[in-house]
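Novice: Pasting in a structure now, in structure tokens, and then I'll have a few things to ask.
The values are calculated or read from the model by the stated rules, or taken from the named source; none is laboratory data. Just so it is clear, the structure is predicted and the values come from calculations on it, not from any experiment. Backbone-built Cβ (ideal geometry, glycine too); neighbour counts: all protein chains shown. These area figures cover heavy atoms from the full protein model, side chains too; ligands, DNA and RNA do not enter into them. Shrake-Rupley method; radii C 1.70, N 1.55, O 1.52, S 1.80 Å.
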Amino acid sequence: MTIENISCNKSFGGWHKQYRHQSQSLNCEMRFAIYLPPEAVNKPVPVLYWLSGLTCTDENFMQKAGAQRMAAELGMAIVAPDTSPRGDDVPDATDKAYDLGLGAGFYLNATKAPWNRHYKMYDYIVHELPALIEAHFPVTTQRAISGHSMGGHGALVIGLSNPHRYSSISAFSPISNPSNVPWGIKAFSAYLGENREHWRQYDACELLKLAISEVPVLVDQGEADNFLDTQLMPQSLVDIAQAKGYPLDVRMQAGYDHSYYFIASFIEEHLKFHSLYFKP
């Protein structure tokens, strides 16, 4: 598992670094970013995996969220992968739409051609990337997962599907019930086909209904989000969690929209939330 460093910047006593590597899961070259807090010089630290939303790369969160100061204080690494496979041979939406193809991997394993050769983001995030991180960096096997919008969907789905791998889950403005909203229906139809039974494994609401192991979940949603009622549907999560008594906290935040201004306003609270569940 070879990785190549392509950038390095000191931040709050730690280091933000970008790397590229050849991904076996995705059959292409991929890039990821990692923030290592000062504490990582002396001992391995736990890791938060951050999944970004539609059109984003590894850079959006690291440059806009303002997470490094609190990550340094808490002694927490942050890993931010790209949002889809990339490259000249990787298929894209024929109309170059922002919500399918490049930049829109939806953190699933595609089963339909032409997507199924490269679009295996679920395997990449759950298995390949953590193995790479844990082999090359001073981190422990304690992991948390978080994300925004499409990445919030990914964080919820991956965390709920793998409760033994993650100590906590959080999300900003997640696509909570993708099987029933335009973004999800379009992506799932293309990547997985028309059989909705195959969609259930990538729908947080469906997974929450079946959840046995309880992983703490924090969700923040802006009340002024333009996509709230048409794409995100957080109330569906709330209703299921309340019926099950599941430890899921959905906080509606007045005046906030879908942007990184929203994420930057609450990211420190999310990092503190995850730190509660990392073992000393």
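Novice: Please work out which residue is least open to solvent (accessible area, probe 1.4 Å), limiting yourself to the stretch 225-238 and to residues that are over 23 Å from residue 64 (Cβ atoms) and part of a helix (DSSP H, G or I).
Specialist: The residue in question is 237.
Novice: I'm trying to understand the selection: among the residues of the stretch 185-211, which are closer than 23 Å to residue 117 by Cβ and either among the aromatic types (Phe, Trp, Tyr) or in a loop (DSSP other than H, G, I, E, B) (or both)?
Specialist: Selection gives 188, 191, 193, 194, 195, 199, 202.
Novice: Checking residue 252 against (1) part of a helix (DSSP H, G or I); (2) out of contact with any Ser or Thr (no Cβ under 9 Å at 6 or more places or on another chain), which test does it fail?
Specialist: Residue 252 satisfies every listed condition except (1).
Novice: Can you work out which of the residues in the stretch 142-169 that are of a type outside the set (S, T, N, Q) and part of a strand (DSSP E or B) is farthest from residue 256 (Cα to Cα)?
Specialist: Taking the candidates together, the pick is 143.
Novice: Another one. Being of a type in the set (A, V, I, L, M) and over 21 Å from residue 159 (Cβ atoms): is that true of residue 264 here?
Specialist: So residue 264 fits the description; yes.
Novice: How many of the residues in the stretch 239-249 are assigned to a helix (DSSP H, G or I), touching a residue at least 12 places away in the same chain (Cβ under 8 Å) and open to solvent by 50 Å² or more (accessible area, probe 1.4 Å)?
Specialist: Qualifying residue count, the stretch 239-249: 1.
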